[in-house]
Amino acid sequence: MIISPSILSCDFGNIERDTKMLDASKADWLHIDVMDGVFVPNISFGFPVLEAVRKSSKKVLDVHLMIANPDNYLEAFKNSGADYLTVHYEACTHLNRTIAKIKELGMKAGVALNPHTPVNVLEEILPSLDLVLLMSVNPGFGGQSFIPSTIDKVKKLKDLISISNSNVLIEIDGGVNLETGRQLSDAGADALVAGSFVFNSPNPTQTIAELKDL
């Protein structure tokens, strides 16, 4: 299981300290949620924070764009250190073109789906993707409750990936803990994003290790 702790839940007064803690942990990736207050009802951070995390970490930076008009910023995210760049299906009018540009810039390309969006909308584009991120909460805020129907959604996506003969990773973001993480692992998920569950725990490094063992 790939574990991608979300920087959104760290202590922003000590972001370098928390990034180095994650770097020394069993986490595989660092998840960076970028929100613009337009596509989702919240604003997070942009390029300076991403660049600071890049300087403090040797891990894969897993950047999730919850923004309108992502095409305007793809090159800037590459220059700021993104390894995986995930855009929302709901925000991209010309998704094929967006994915092609991300890959042309040398990043891995992902597409995120909001909870209400069915997985079959990706049927045509799956062979071009490296990652599909299923939102298991409504995007915009951390600490929300897991939406149980995500389990069936993972299974449906796993079947689609198998039919398309693709090597797409399935990542889940929202409400991940040891219980939901186990259910998601059994359903076929490859990567888990965990924010408040990691950073609010007494021992984040141990919590990451426990998630890693799912």
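Readers should treat all values here as calculations from the given coordinates under stated rules, not as data from a laboratory. Keep in mind that what you see is a predicted model, and the values were worked out from it rather than measured. Backbone-built Cβ (ideal geometry, glycine too); neighbour counts: all protein chains shown.
Considering only Ala24, Asn114, Ser145, the residue lying farthest towards the positive end of the dipole of the chain is Ala24, judged by Cα position with unit charges set on Cβ.
Treating each Cα of the chain as an identical point scatterer and summing with the Debye formula, the log10 of I(q)/I(0) at q = 0.09, 0.10 Å⁻¹ comes to -0.30, -0.38.
With the charge dipole of the chain set up from +1 on Lys and Arg Cβ and -1 on Asp and Glu Cβ about the Cα centre, the Cα lying farthest toward the positive end among the listed residues Ile125, Val60, Asn165 is that of Val60. Charged side chains reduced to their Cβ positions (Lys and Arg at +1, Asp and Glu at -1) give region 2-212 a dipole of some 300 debye around its Cα centre.
Mean separation of Cα pairs under 8 Å and 6 or more residues apart, divided by the residue count, gives region 1-98 a relative contact order of 26 percent.
For each of Glu104, Glu90, count neighbouring Cβ atoms within 10 Å of the residue's Cβ, then give the residues from fewest to most. List each step's numbers first, then the result.
Working: Glu104 12, Glu90 16.
Neighbour counts put them in this order, fewest first: Glu104, Glu90.
Under 14 Å of direct C-alpha separation, and excluding same-chain neighbours fewer than eight residues apart, Lys212 reaches these aspartates and glutamates: Asp28, Glu171, Glu179, Asp186, Asp190. Charge tally around Leu178: other residues with Cβ under 14 Å, Lys/Arg +1 each, Asp/Glu -1 each, net -2.
List the pairs from Lys26/Lys158; Lys78/Lys153; Lys20/Lys55; Lys59/Lys158; Lys58/Lys158 whose alpha-carbon separation is above 21 Å, in the order I gave them.
Flagged as over cut-off: Lys26/Lys158; Lys78/Lys153; Lys59/Lys158; Lys58/Lys158.
Rounded to the nearest 5, the antiparallel percentage of DSSP beta bridges internal to region 1-157 is 5%. Using a cutoff of 8 angstrom between alpha carbon atoms and counting only pairs six or more residues apart, the relative contact order for the chain works out to 22 percent. With neighbour counts taken as other beta-carbon atoms within 10 Å, the residues Asp71, Asp173, Asp152, Asp36 rank, fewest first, as Asp152, Asp71, Asp36, Asp173.
Among Thr93, Thr19, Thr150, the order by Cβ neighbours within 10 angstrom, fewest to most, reads Thr93, Thr19, Thr150.
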